[in-house]
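Colleague: My questions all concern the structure below.
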Amino acid sequence: MSSSLVERVRERLATESVGLRPTAVAAAIRAEAGGVLGDAEVLAELRTMQTELTGAGILEPLLRADGTTDVLVTAPDSVWVDDGSGLRRSALRFPDEDAVRRLAQRLALAVGRRLDDAQPWVDGQLHGYGAFTVRLHAVLPPVAEAGTCLSLRVLRPATQDLASLTASGAIAPDAATLIDQVVSARLAFLISGGTGAGKTTLLAAVLGAVPPHERIVCVEDASELAPRHPHLVKLVARAANVEGVGEVTVRDLVRQALRMRPDRIVVGEVRGGEVVDLLAALNTGHDGGAGTVHANSPAEVPARLEALAAPSGLDRRALHSQLGAAVQVLLHVGRDHGGRRRLVEIGVLARAADGEVSTQAAWHHERGDGPGMPHLRHLLDGRRAG
């Protein structure tokens, strides 16, 4: 099969958004070959095409290895993997830049998207990996100056509970007790941390401690949360197709969640205008809600939320007013010097006389109770009294 025919078939399948079903691939081969191929030739070409269009090639063993969280390709001879202990360089090598580009285009096709000079980046979800999915991001040159860049994140269902995280050392026993009390008191909380720090894992564990009679509605950009809870409703966002239609945003889904009689509304990751709708929901009688947010430290969370809310028209003063009334507790996760994920700090959000919200440490994994502990105890006691 010529490279030009492969390219034309790939383009047809991406445009039609029909996926990689054998019948669809065979029909595309016939169409692009001008109808001159017989059945035997089509079958032979189909086998070649399926090899060309499916799987992650030499990256497949890395993606399927236990513990892998990220596989990154920055050049044909630069393949990196994170298996929970930080990034390390793999011994894998691609033959050349063209091989990396072909793989990126193949993976883009698998998620029903196009990746070419006219559309030099792609983001999507790869399925077919059993219990987990893979988030794909790829950028072609010249946007990626040094060559095609591939970023593959392994999204395993977050199913661990507080007991297992405590037993593994990711949560200190006294912190686990505090978290149980926060859940029971229906205090709203955010989980902060850097990329790959374990925010989703901790969120799923905390949601597993929610009483079984309560209805949890989770909104996610990609399906990761799988808490051990009997009454869980999951809503997952959807990207636009190749025609640019059909998009369903996280913000759309937060609004839908409000109409689904939730006891608790959860946003898997707050990364945009949905922060406005989440804070509004938590301020209208939906206690005990939660979400995660990228931040390098607990003190940075209010500023991070300011930046997310500003494009949606919520100014700084309004954001702090909403935040101070909606969210009470912050759980911050990070990695220790050995690369292990752990709960680093439990903070409490406090509003000053001028309305500014700041984070006070109530507990720290090295220092124990902090200056925010009396405030947290007051919040917990107030909910028990109520």
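The values are calculated or read from the model by the stated rules, or taken from the named source; none is laboratory data. Values in this document were obtained by computation on a predicted structure and should not be read as measured data. Glycine gets a Cβ as well: all are built from the backbone with ideal geometry, and neighbour counts include every protein chain shown.
Colleague: What number goes with the only condition from (1) in contact with a Gly (Cβ under 9 Å, 6 or more places away or on another chain); (2) exposed (fewer than 15 other Cβ atoms within 10 Å of the Cβ); (3) at pLDDT 75 or above that residue 23 does not pass?
Modeller: Condition not satisfied by residue 23: (1).
Colleague: Mind checking which pairs have a first residue in the range 305-329 that is over 16 Å from residue 251 (Cβ atoms) and touching a residue at least 24 places away in the same chain (Cβ under 8 Å) and a second that is outside any helix (DSSP H, G or I) and of a type in the set (D, E, K, R), Cβ under 8 Å, 6 or more apart or different chains?
Modeller: As it stands, the answer is 320/351; 320/356; 324/351, since those pairs meet every condition given.
Colleague: Now for a different question. Which of the residues spanning the range 255-267 are closer than 22 Å to residue 202 by Cα and either surrounded by fewer than 16 Cβ atoms within 10 Å (Cβ to Cβ) or touching a Lys or Arg at 6+ places or on another chain (Cβ under 9 Å) (or both)?
Modeller: 262, 263, 264
Colleague: Regarding residue 343, is this residue assigned by TED's automatic domain parsing to the domain that holds residue 171, closer than 26 Å to residue 208 by Cα and not in a helix (DSSP H, G or I)? Write out each step before concluding.
Modeller: Working: assigned by TED's automatic domain parsing to the domain that holds residue 171: yes; closer than 26 Å to residue 208 by Cα: yes; not in a helix (DSSP H, G or I): yes.
Judged against the criteria, residue 343 is a match.
Colleague: What residue, of 355, 368, 347, is small (Gly, Ala, Ser), under 21 Å from residue 162 (Cβ atoms), surrounded by fewer than 17 Cβ atoms within 10 Å (Cβ to Cβ) and touching a helix residue (DSSP H, G or I) at 6+ places or on another chain (Cβ under 9 Å)? Steps first, answer last, please.
Modeller: On the way: 355 fails: under 21 Å from residue 162 (Cβ atoms); 347 fails: surrounded by fewer than 17 Cβ atoms within 10 Å (Cβ to Cβ).
Being small (Gly, Ala, Ser), under 21 Å from residue 162 (Cβ atoms), surrounded by fewer than 17 Cβ atoms within 10 Å (Cβ to Cβ) and touching a helix residue (DSSP H, G or I) at 6+ places or on another chain (Cβ under 9 Å) holds for just one of 355, 368, 347, which is 368.
Colleague: Next question, about the same structure. Would you mind finding the one in 77, 70, 66 that is of a type in the set (Asp, Glu) and modelled with pLDDT under 90? Talk me through it step by step, then tell me what you get.
Modeller: Working: 77 fails: modelled with pLDDT under 90; 70 fails: modelled with pLDDT under 90.
Only one candidate qualifies: 66.
Colleague: Any chance the range 82-90 includes a residue that's in contact with a helix residue (DSSP H, G or I) (Cβ under 6 Å, 6 or more places away or on another chain), outside the structural domain of residue 10 (by TED's automatic domain parsing) and crowded, with 18+ Cβ neighbours inside 10 Å?
Modeller: Of all residues in the range 82-90, those in contact with a helix residue (DSSP H, G or I) (Cβ under 6 Å, 6 or more places away or on another chain) come to none.
Looking through the range 82-90, none of the residues is in contact with a helix residue (DSSP H, G or I) (Cβ under 6 Å, 6 or more places away or on another chain), outside the structural domain of residue 10 (by TED's automatic domain parsing) and crowded, with 18+ Cβ neighbours inside 10 Å.
Colleague: (1) within 25 Å of the chain's Cα centre (by Cα); (2) free of Cβ contacts under 8 Å to residues at least 60 places away in the same chain: which one isn't true of residue 287, the others all being true?
Modeller: Failed condition: (2).
Colleague: Related question: Residue under question is residue 322, and the condition is that it be of a type in the set (S, T, N, Q), more than 15 Å from residue 187 (Cβ to Cβ) and over 22 Å from the mean Cα position of the chain (by Cα); does it hold? Walk me through it before giving the result.
Modeller: On the way: of a type in the set (S, T, N, Q): yes; more than 15 Å from residue 187 (Cβ to Cβ): yes; over 22 Å from the mean Cα position of the chain (by Cα): yes.
Taking the combined requirement at face value, the residue satisfies it.
Colleague: Next question. Are any residues in the range 255-278 under 23 Å from residue 195 (Cβ atoms), of a type in the set (A, V, I, L, M, F, W, C) and outside any loop (DSSP other than H, G, I, E, B), and if so, which ones? Don't jump to the end; show me each part of the working.
Modeller: Our first condition is that a residue be under 23 Å from residue 195 (Cβ atoms); within the range 255-278, this holds for 266-275, 278.
Pick out the ones that are also of a type in the set (A, V, I, L, M, F, W, C) and you get 266-267, 270, 275, 278.
Of everything in the range 255-278, those that are under 23 Å from residue 195 (Cβ atoms), of a type in the set (A, V, I, L, M, F, W, C) and outside any loop (DSSP other than H, G, I, E, B) turn out to be 266, 267, 275, 278.
Colleague: What are the residues in the range 96-127 that are in a loop (DSSP other than H, G, I, E, B) and either of a type in the set (A, V, I, L, M) or touching a Pro at 6+ places or on another chain (Cβ under 7 Å) (or both), if any?
Modeller: Going through the range 96-127, the residues in a loop (DSSP other than H, G, I, E, B) turn out to be 96, 111-120.
Result: 96, 111, 115, 118.
Colleague: Across the range 239-254, what is the total count of residues that are part of a helix (DSSP H, G or I) and either loosely packed, with under 13 Cβ neighbours inside 10 Å or among the hydrophobic types (A, V, I, L, M, F, W, C) (or both)?
Modeller: Filtering the range 239-254 for residues part of a helix (DSSP H, G or I) gives 250-254.
Checking the rest, the ones that are also either loosely packed, with under 13 Cβ neighbours inside 10 Å or among the hydrophobic types (A, V, I, L, M, F, W, C) (or both) come to 250, 253-254.
The number of residues fulfilling the criteria is 3.
Colleague: Still on this model: Could you please give the count of residues in the range 130-156 that are crowded, with 18+ Cβ neighbours inside 10 Å, of a type in the set (S, T, N, Q) and over 12 Å from the mean Cα position of the chain (by Cα)?
Modeller: Residues that pass the stated criteria total 1.
Colleague: Cβ contacts < 8 Å: first residue without any contact (Cβ under 8 Å) to a residue 12 or more places away in the chain, restricted to the range 195-218; second residue among the hydroxyl-bearing types (Ser, Thr, Tyr) and part of a loop (DSSP other than H, G, I, E, B), any location; separation 6+ or different chain. Result?
Modeller: none
Colleague: Give just the number: which of (1) out of contact with any Gly (no Cβ under 9 Å at 6 or more places or on another chain); (2) part of a helix (DSSP H, G or I) does residue 144 not satisfy?
Modeller: (2)
Colleague: Going by the structure shown, is residue 150 touching a helix residue (DSSP H, G or I) at 6+ places or on another chain (Cβ under 6 Å) and not assigned by TED's automatic domain parsing to the domain that holds residue 345? Even if it seems obvious, please write down each step before you answer.
Modeller: Numbers: touching a helix residue (DSSP H, G or I) at 6+ places or on another chain (Cβ under 6 Å): yes; not assigned by TED's automatic domain parsing to the domain that holds residue 345: yes.
Taking the combined requirement at face value, the residue satisfies it.
Colleague: Also, quick follow-up: Would you call residue 349 in a helix (DSSP H, G or I) and assigned by TED's automatic domain parsing to the domain that holds residue 306? First the steps, then the outcome.
Modeller: Working: in a helix (DSSP H, G or I): no; assigned by TED's automatic domain parsing to the domain that holds residue 306: yes.
Criteria not met by residue 349.
Colleague: Turning to a different aspect of this structure: Tell me, please, whether a residue that is under 17 Å from the mean Cα position of the chain (by Cα), closer than 24 Å to residue 300 by Cα and surrounded by fewer than 17 Cβ atoms within 10 Å (Cβ to Cβ) can be found in the range 171-192.
Modeller: Applying the first criterion (under 17 Å from the mean Cα position of the chain (by Cα)) to the range 171-192 yields 190-192.
Okay, now just the ones that are also closer than 24 Å to residue 300 by Cα, so 190-192.
Filter once more, so that each one left must be surrounded by fewer than 17 Cβ atoms within 10 Å (Cβ to Cβ): none.
There is no residue in the range 171-192 that is under 17 Å from the mean Cα position of the chain (by Cα), closer than 24 Å to residue 300 by Cα and surrounded by fewer than 17 Cβ atoms within 10 Å (Cβ to Cβ).
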